Amino acid sequence: MLTWLERRTNTGKEQVINLIGDKTEELRQDLANRWATDLYTTNPNGNGFIALPVIVDSSDSYAGISVSDASAWASTEDNAETELKLYGSNSISEFISDCTLGPDFPNFHLTTLDLESKFESLIEPQKRYEDVTMADAGFRNTTFRGAPVFGDFHAPAGVWYGLTMNRDIWQLRHHPEEDFAVSKWKELFPQFPKNLGKMCTWMGNLICKCRFVNFKMTALDYTV
């Protein structure tokens, strides 16, 4: 929203243009932040795309396929282990092995900032490499077996996702006309006289072609 006060206190051609540009960018950032939050949220407000908790799951149906009808359609899930372990029973390495199918295995790890720090404390100093591709994209990360471990502040407490990013197994499909599309400014009369508003919209869905090669842990405690 662009309020009447903002329009009047930012007079002059350059100031108005800068204000409108800032508002448009702020709108895009708000939607991107909503998108990042919805990635971990099951059907938020009834308008969300299919999120990670639904796709990477051992019992939920997905894409119209029930796990009871196709057991290989299930992901590996652990909702009891509280300790982050690299090796051994209920560990990251064990779940990677459980989710390996031919050339495909979890090669991207997504977790919380706290658990990323916990992970860094567990690995040996000489193995604390950074994935170059992720670093070039502006993301700080460490690696496990060559796979980037990325801490996301949007991720809910206790989660660790091991995702297989090979061969377009994961895709983000969007409508070509609704890809962070920004509408024109519109007067909000009579509810908000002399105020202007615009919308930013995105329409699409997150798709996974093979659930089996992904895992999640949901009860990890970084203090353990």
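None of the figures in this text is laboratory data; all of them are computed from the coordinates on show. Every value quoted in this text rests on a predicted model; they were computed, and no experiment measured them. Positions of Cβ are generated from backbone atoms using ideal geometry, with glycine treated the same way; all protein chains shown enter the neighbour counts.
Shape call for the range 28-105 from the C-alpha gyration tensor, a ≥ b ≥ c root eigenvalues: rounded (a/c under 1.5), prolate (a/b greater than b/c) or oblate?
Oblate, because a/c is 1.5 or more while a/b does not exceed b/c.
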Under a point spin-label approximation (7 Å from Cα along Cα-to-Cβ), what is the Val182-Asp30 distance to one decimal in nm? 1.3
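For each of Glu177, Glu25, Glu77, Glu83, count neighbouring Cβ atoms within 10 Å of the residue's Cβ, then give the residues from fewest to most.
Neighbour counts put them in this order, fewest first: Glu177, Glu25, Glu83, Glu77.
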Counting Lys +1, Arg +1, Asp -1, Glu -1, what net charge surrounds Asp98 among other residues with beta carbon under 15 Å of its beta carbon? -2
